[in-house]
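Trainee: One structure, pasted below without further comment.
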Amino acid sequence: MNLKITVLSGDGIGPEVVAQAIRVLNAVGRKFNHTFEFDHALLGGCAIDATGMALPPETTAKCQAADAVLLGAVGGPKWSDPRAKVRPEQGLLGLRKALGLFANLRPVKVYDALIDASTLKAEIVRGVDMLIVRELTGGAYFGQPQGRSGEAPHRQAVDTTPYSEAEIARLMHMAFELARARRRKVSSVDKANVLATSRLWREVAHEVAAQYPDVQIEDVLVDACSMYLIRSPKSYDVIATENLFGDILSDEAAMLAGSMGMLPSASLGEQLNQHGYRRGLYEPIHGSAPDIAGKGIANPLATILSSAMMLRWSFGLEVEANSIERAVEQVLNDGLRCKDIASQGTRVIGSEEMGAAVVERL
Ligand code: IPM
Ligand code: MG
C-alpha cells in the first residue's frame, strides 16, 4: 500500500515524539512492504510564528489531501497570553472542525509492566482496558455565542453548549459499533440532572441503543463517573460522552495508565480516504510539555501507539498495528522506560533510544 500522511509536528516535544513515530512507521513499511509518504505542515505556535495564523490554509489543504494526519502537540508559554488574538489551540480545534472529526477515540489500557507507575493501587488498575469515545466537534468548544463583554467591575463572559440530535446519534453509533468489537458495554456519560443538552443526549443515546440490543447501555452522571474512574475503573468498557466531559475524563483516565505519555488517540470523521477507510487525525493525548522540550527525554510511546491506531483505522492494517502494539509491550516488559514512567529496577532511556527499542522488537 502507498500511504500518504501529513505530519504536523507542532510545538514543544511534538517534533521529538513525532520523529520516533515516523521511524517506527518506516520500519513497519520495510517489514510489511508499504510505502509511506510524509508531507510536513505547520500547526499551532510554530505556524503562528511563521504565518501569523494557527492553522494556515495550506495546512488544511494538505490534511484534506492526505489519507491520514499525524500530529505531535501544539501550544506553549510563548503563545499562552490569555488576551492573545491568535492561540495555538485554535489551530487544533479549527483542524478538527475542517476535517469533520466528530469522534475522538482514547483507549486506556494499563500495561502489566507499568502497574507501579500509576499513583493508584495495583489491584485497582490491573487489567483496566477502556475506550473513551469523545464527541469532538460540538458542544462548548464551538458553541455560539462565546466571548466576553463589558469593563470591570461589570465584565461578563459566555460559553454555549449546543447539541443536535444528529451530532449525538452519530457519536453514539460509533460508540456502539466499537463496543461490539469489545466487551459490549457502553457507558453514556452526561449531566442530565442539570443540563438540557444532557437530557437530549440521554434520550438520543437510548434511541440509538435500541438498535444494538446485543450491547448493554448504562447512564452515568459525569460527576459520579469521575469518582468511579478511580474507584472501579475495570467496570468500564466504552465510555461515550460530549466534548468537554470527554476532555476532562480522558486526562483523569490517563493517570490509570501511569502517564499521559502512554496514551494515544484517533480522531475520526465521515470522510473516507483513497483506501476506503476513514481519514483520521492521530495524536498523543499529552500536550507540548514545554518544560522538557528539546531535552530528548520525552516519552514517544503515546505517539508511536497513535501511529498504530492510524494503521488500524485509516488503512485497515490490523496485523501491522498489532505488531507495533506488541513491540511496545515488549519494550516495557524488557524494563525500558522514559523518565515519566520510570520505576525501581527499570532502565531510563531517552526518546531516540525508545524509538530504536521499539523498531528492534518489531
Ligand atoms: C485535548 C486537548 C485539547 C482539547 C486542547 C489542546 C485544545 O486538551 O486534545 O484533550 O481541549 O481538546
Ligand atoms: Mg485535553
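The values are calculated or read from the model by the stated rules, or taken from the named source; none is laboratory data. Computed from a predicted model, the values in this text were never measured in an experiment. Heads up, the Cβs are rebuilt from the backbone with ideal geometry, glycines too, and the neighbour counts pull from every protein chain shown.
Trainee: Being in a strand (DSSP E or B) and crowded, with 16+ Cβ neighbours inside 10 Å narrows it down to one of L105, L43, so name that one. Outline the logic, then answer.
Mentor: Numbers: L43 fails: in a strand (DSSP E or B).
Answer to the check: L105.
Trainee: Another question about this same structure. Identify, from the list I349, I292, the residue that is β-branched (V, I, T) and within 21 Å of T119 (Cβ to Cβ). Can you show your working first?
Mentor: Numbers: I349 fails: within 21 Å of T119 (Cβ to Cβ).
Answer to the selection: I292.
Trainee: Oh, and also: Residues of region 88-104 being of a type in the set (A, V, I, L, M), out of contact with any Gly (no Cβ under 8 Å at 6 or more places or on another chain) and under 14 Å from V69 (Cβ atoms), which ones? So that I can check it myself, show each step before the final result.
Mentor: Let us first name the residues in region 88-104 that are of a type in the set (A, V, I, L, M), namely 92-93, 95, 98-99, 101, 103.
Then drop every residue that is not out of contact with any Gly (no Cβ under 8 Å at 6 or more places or on another chain), which leaves 93, 95, 98.
Selection gives L95, A98.
Trainee: If G345 satisfies every condition in (1) surrounded by fewer than 17 Cβ atoms within 10 Å (Cβ to Cβ); (2) touching a residue at least 24 places away in the same chain (Cβ under 8 Å) but one, which is the exception?
Mentor: (2)
Trainee: Follow-up question, since we're still on this one. Look through region 203-252, keep the residues that are within 16 Å of ligand 2 (Cβ to nearest atom) and of a type in the set (D, E, K, R), and return whichever of them is nearest to A175 (Cα to Cα).
Mentor: E242
Trainee: Now a separate question. Could you tell me which numbered condition D81 fails, if it satisfies all but one of (1) part of a loop (DSSP other than H, G, I, E, B); (2) under 21 Å from the mean Cα position of the chain (by Cα); (3) more than 30 Å from Y163 (Cβ to Cβ)?
Mentor: Tallying (1) part of a loop (DSSP other than H, G, I, E, B); (2) under 21 Å from the mean Cα position of the chain (by Cα); (3) more than 30 Å from Y163 (Cβ to Cβ), D81 fails exactly one: (2).
Trainee: Only one residue in G276, G258 is over 23 Å from V222 (Cβ atoms) and either in contact (Cβ under 8 Å) with a residue 60 or more places away in the chain or basic (K, R) (or both), so which one is that?
Mentor: Unique residue meeting the criteria: G258.
Trainee: Another question, then. Please enumerate the residues belonging to region 279-302 that are within 13 Å of ligand 1 (Cβ to nearest atom) and in a loop (DSSP other than H, G, I, E, B).
Mentor: Correct list: I285, H286, G287, S288, A289.
Trainee: Taking the stated definitions as given, is A68 under 23 Å from G246 (Cα atoms), within 16 Å of ligand 2 (Cβ to nearest atom) and modelled with pLDDT of 95 or more?
Mentor: Details: under 23 Å from G246 (Cα atoms): yes; within 16 Å of ligand 2 (Cβ to nearest atom): no; modelled with pLDDT of 95 or more: yes.
So A68 fails the test.
Trainee: Counting residues that are on the phi > 0 side of the Ramachandran plot and crowded, with 18+ Cβ neighbours inside 10 Å, which helices (runs of 4 or more DSSP H) fully inside region 160-261 reach at least 2? Break it down into steps so the answer makes sense when it comes.
Mentor: Numbers: elements: 165-180, 196-209, 222-231, 243-254.
Correct list: empty, since no element meets the threshold.
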